[in-house]
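These notes are about the structure you will find just below.
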Amino acid sequence: MSQLELFEPPRQDDVDTAGFYLAEGELALPAAREWWEGLPLAELPHDASLAALYAYMSELPIKKEIARFIEKVRKAGNRTAAASDRGDPDVLAVLNAANKAQVEIHRLTGFLRFSPDSRGTYIAKCEPDCFILPALAEHFALRFGETPWAIIDEKRGLCLFRQNDGEVRLEPVSAEAEAGNTDTDSAETAARGQAVDTMENLWRLYHRSVSIESRKNPGLQRQFLPKRYHKHLNEL
């Protein structure tokens, strides 16, 4: 699935691919869809479109730079070259912001720790700097297969979760928790903090057993594992 489908409803004929989109209603980002609809992303090279999307997901105050980036690339004779011209301040701002979001997306695909709730839904919590939950949908839909799961962004009060029909949705935690027909109606409870269960204790035991005391390097660990992620890592 292309992440450019972030602001589109799932296609009814696409039963093999999980669909995801920003829900209507009380979600704090309803204006995002309207803003994107007015931008000619379809006229850009794929990499340029993704750069603009990732830059937006960084939540940095660069909407004007993103809009100018899209327009410059669209009008350029060599669009690929224009989209990578770091000598242009708008391009530089977009690429730097996109990199910020992409780095965090990459980190969370490895840093998220899932624990099953009483209904067998695997739940992970995080507080990312960027609005990146939608970009995690495809990775975890493929990773978990038919297993129900939910990722809660405590910073934004959002929950990305897999429904019974395989569709992946992004909704406010409260709205998702009230939906009695989903596998993740315990997400709100999980967001308040779950008790340490057997799975977490087993993971800690495994982590201690494979750790080599003489090779511990706290400085290097902080470089690759920023402190802001430690809160949600069971083994730390």
Could you say whether any residue in the stretch 101-108 is in the same structural domain as PHE161 (by TED's automatic domain parsing), closer than 21 Å to LEU44 by Cβ, part of a helix (DSSP H, G or I) and not aliphatic (A, V, I, L, M)? no
Consider the stretch 91-111. How many of its residues are crowded, with 21+ Cβ neighbours inside 10 Å and over 14 Å from ALA51 (Cβ atoms)? 2
Could you list, in sequence order, all residues of the stretch 128-142 that are assigned to a loop (DSSP other than H, G, I, E, B) and not acidic (Asp, Glu)? PRO128, CYS130, PHE131, ILE132
Any residue in the stretch 74-90 that's crowded, with 17+ Cβ neighbours inside 10 Å: show its pairings with residues that are among the basic types (Lys, Arg) and assigned to a helix (DSSP H, G or I) at Cβ separation under 8 Å, as long as the two are six or more apart or on different chains. ALA82/LYS72; ASP88/LYS72; ASP90/ARG68; ASP90/LYS72
Test LEU160 against the criterion of being under 27 Å from LYS227 (Cβ atoms), under 14 Å from the mean Cα position of the chain (by Cα) and of a type in the set (A, V, I, L, M, F, W, C), and give yes or no. yes
Can you pull out every residue in the stretch 115-130 that is over 26 Å from PRO61 (Cβ atoms) and buried (at least 19 other Cβ atoms within 10 Å of the Cβ)? SER115, ASP117, THR121, TYR122, ILE123, ALA124, LYS125
Would you mind finding the one in LYS125, LYS231 that is modelled with pLDDT of 80 or more and either part of a strand (DSSP E or B) or under 20 Å from VAL103 (Cβ atoms) (or both)? LYS125
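The values are calculated or read from the model by the stated rules, or taken from the named source; none is laboratory data. The shown structure was predicted, so the numbers you read here are calculated from the model rather than taken from an experiment. Neighbour counts are summed over all protein chains in view; Cβ atoms, including those assigned to glycine, are modelled from backbone coordinates with ideal geometry.
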